[in-house]
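Worksheet for the structure shown next.
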Amino acid sequence: MKRRQALIILVSIVVLSSQGLAAEKKYQRTAEKYSVPDVSLVNQDGKKIPFKSYLETDKPVMVEFIYATCTTICPVLSAGFANLQRKMGADAVKIRLISISIDPENDTPQVMKDYLKKYTASPGWDFLSGKREDIDSVMRSFDAYVANKMYHLPLTLIRSPADGSWVRIKGLMGAADLQDELAQITK
Amino acid sequence: MSPITIRLHIRVLRTLLNSIAVLAFFFCSDAAAAENQQTAVEGPTREKLVQLGERMYREGLLPSGKPITALVQGDIPVEGTTFTCVSCHVRSGIGSYEGGVVTLPTNGEILYRPFKDVRRFVTPGVGMIPYFKLPKIQAPPRPAYTDTTLATVLRTGIDPAGRQLDYVMPRYQLSDPDMNILIFYLKALSAQTSPGVTDTTIRFATVITEEVSPKERQEMLSVLNAIVIARNNAGKSKMDSQLPRWAGFSEDLSRSRRKISLAVWELKGPPGTWRSQLEQYYRKEPVFALLAGITTGEWKPVHEFSEANKIPCLFPITDFPVISSTDWYTQYISKGYYQEGEAVARFLGNMEDLSPEKAIVQLYQDTREGRALADGFRETWKTFDRRQPVDCVIKKGNPVTKEYLLQKALSKEKSAILLLWAGPEAYAALEAVAADANKPDMIYLSSSLLKDGFLAVPETVRAFTYITYPYRLGLEITPGKDLGKGSMGVRKDAPVPVATRNVAQKTGSSQSLLPEIFMMMMTNFYRDYMLDIIGMCGDMKDSPYERLSFGPGQRYASKGCYIVQLTPGANPAVVKKSDWVIH
């Protein structure tokens, strides 16, 4: 009985103190293989981006699905990207950050440009939109398709440049989590 | 002041006694105390405090003008300039549901009450997410907040029940004076039911300007009246009976039920006098919101009335909306003519083999239509790094002649692009241009201006003529799954003939969102919330448009416009040359 009480206290202390420091790891992580469609998307500068080959780079790639007017989820995902870029400083160009719009109707190059500016994005972070069918097929290829944008999941997909394999992270990460995940891919 | 209505929109307070006690506490002691405290210490007026608080809530700026800073997800620093309260709790403070995260309400009325069952607060139908699919226990019960515990939760994320909030909710380090202002604002936020709502009725009005034809007027009114009748006469609608009973949801829904009434506000005389006529109607009988409405002219005076009095106006039928990226209260179907000009600019701007120096001649009549098309093109074209268009403006009523076209408009430019914002009366001149040595490389026309003459574009120019077409192609609306939205009796399965800009169709499809809006609003009868809800609605595919879409702050539901060409022959086919949305 005593031991049990002590254990409870110990556990509570651990839980409480870890909560005080940073978010507990609440996300799920799986290893995946994806085959993405060879579609042409458009970035914030109105430039056409051949999506498949854009991913096939020797840099680590991080992909997230967002839209410019989205509440709650996207601001947090984008703050994560912004913070990662800020922390990496000049090294930020060594990774490729890609936000893909799931509201291509509204997310025109101008809207995407304004969005990135708000998040003080630096080169190396692209926001991609495109034809509805192409966006749908990209979402499907990452098993992230939603018919209604409000349903979308907080996903971060990280591609390893070594073998093109992916890590799929479901849930929102903290800054340290994001850096950890990136470090694991690059090590 | 209207009699105090005790809103039991949540089952938190089962008994009247409890509600009165809490309300009395909230209105008499707390709010007054906060106000006194603020005014006593610093002296700013109530209005000023709300304004400062609103800036923190909406723009993320401290009273000093510096951005608010916070930590999200435990260790990600954010500045107010990237996102702030409004980005998650939305404008009304009632909260949102996105990507599996429920953002709880943060309006004083709800914060300062105990919270027994979160599911009652959660916007139930958000994007048609089945109610029962929401995470079961997002937030366990908590006691009512006080000013002190509210400051604590905003700083530390620990609620009065000792729960550590999800780290999606940022932790804000605010000084005491700044915190007081924010709390003062939260108390004022969605604190009172908006005008136009009683215990039994929600009043709406629709605005009609006198020059509208009896036919169009009738088309719009019959749809609106059908909505009113369906809503008021229906017992339990089909939708209601499909809702899960166990959640207590249907009871909440029936408690939120109000009859709706619809007044017709007819505007007479010059547009300059409309505003005062509107104010007069409103003083006589305040309404919660304006539904549809129709004019052949500009919507601007009504738009400004809505904006100034914070009265939502949902989907007016107008070809001349106000184009603004910041105004809040009018939700339009599309940008009208402006959108067609915009589409041409995007289409040309994205043409990779088009020289940046290519000459563009924009010829339009000095009419509302002409100006709107030209503005849409010009303003969008500016975002591309290309040579500016040459504008040729013809007096209203003057025809576009072949002499004008060849000797004035096109004389200085070889192989230009001609944007001709005119109707079929310009066809003869176009035929002459086609035969001339200095014919333009491309011609752009607007199907909305060509109207019934759309399919009669001269064959000699068809090969190099492009036409804006802001509707879905093959205009047939087939009954399908989406028809659930038409459950208030609006038939949407009749095919739409080409070139008919059917008022009934436009009204019917856009207003078909109403049942969903009512359902999601529950008893949160706040005007801002009504607009927040629209921002959370799923895309609509059964309308005269390819797609209507919504999002927080998005105010033009149709975002697209095709660029098409006609095949040769007497019965030409319409061929898409662009996507619906041109990026």
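Listed values, structure above:
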item	result
Heavy-atom SASA rank of A:Glu56, B:Glu211, A:Glu32 (probe 1.4 Å, accessible area, largest first)	A:Glu56, B:Glu211, A:Glu32
Pairwise label distance in nanometres, B:Lys116 with B:Val393, each label 7 Å out on the Cα-Cβ vector	6.6
Rounded tilt (10° steps) of A:73-88 against the dominant C-alpha axis of chain A	90
Trypsin sites (Lys or Arg not before Pro) within region A:35-93, DSSP loop, no more than 14 other Cβ atoms inside 10 Å	A:Lys47
B:Lys439 accessible area, 1.4 Å probe, all protein chains in place, Å² to nearest 10	90
Degrees between helix A:109-118 axis and first principal axis of chain A (Cα, 0 to 90, nearest 10)	30
Sulfur and carbon atoms: percent of accessible area, region A:2-185 [1.4 Å]	55
B:Met351/B:Thr326 FRET efficiency (R0 41 Å; Cβ-Cβ; nearest 0.05)	0.85
Label-point gap, in nm, between B:Phe464 and B:Arg255 - each point 7 angstrom along Cα→Cβ	7.0
Relative contact order, percent, chain A [alpha-carbon distance under 8 Å, six or more residues apart]	31
Rounded to the nearest 10 Å², the accessible area of B:Thr567 at probe 1.4 Å	40
Qualifying lysines (Cα of each under 16 Å from Cα of B:Lys187; at least 8 residues distant if same chain)	B:Lys48
Accessible surface buried upon A-B contact (total; probe 1.4 Å; Å², nearest 100)	3600
C-alpha long axis of helix A:132-141 to longest principal axis of chain A, angle in °	40
Accessible surface, 1.4 Å probe, highest first, among residues B:His303, B:His89	B:His89, B:His303
Compactness of region A:2-185 - radius of gyration and Dmax, Cα, Å	18.0, 67
Residues in region B:41-73 occluded by at least 20 Å² - accessible area, probe radius 1.4 Å, against chain by itself	B:Gln73
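The values are calculated or read from the model by the stated rules, or taken from the named source; none is laboratory data. Everything quoted here is computed from the prediction, not taken from an experiment. For neighbour counting, all protein chains shown are included, and Cβ atoms are generated from backbone atoms with ideal geometry for every residue, glycine included. Areas reflect the complete protein model, heavy atoms only, side chains present, ligands, DNA and RNA absent. Shrake-Rupley method; radii C 1.70, N 1.55, O 1.52, S 1.80 Å.
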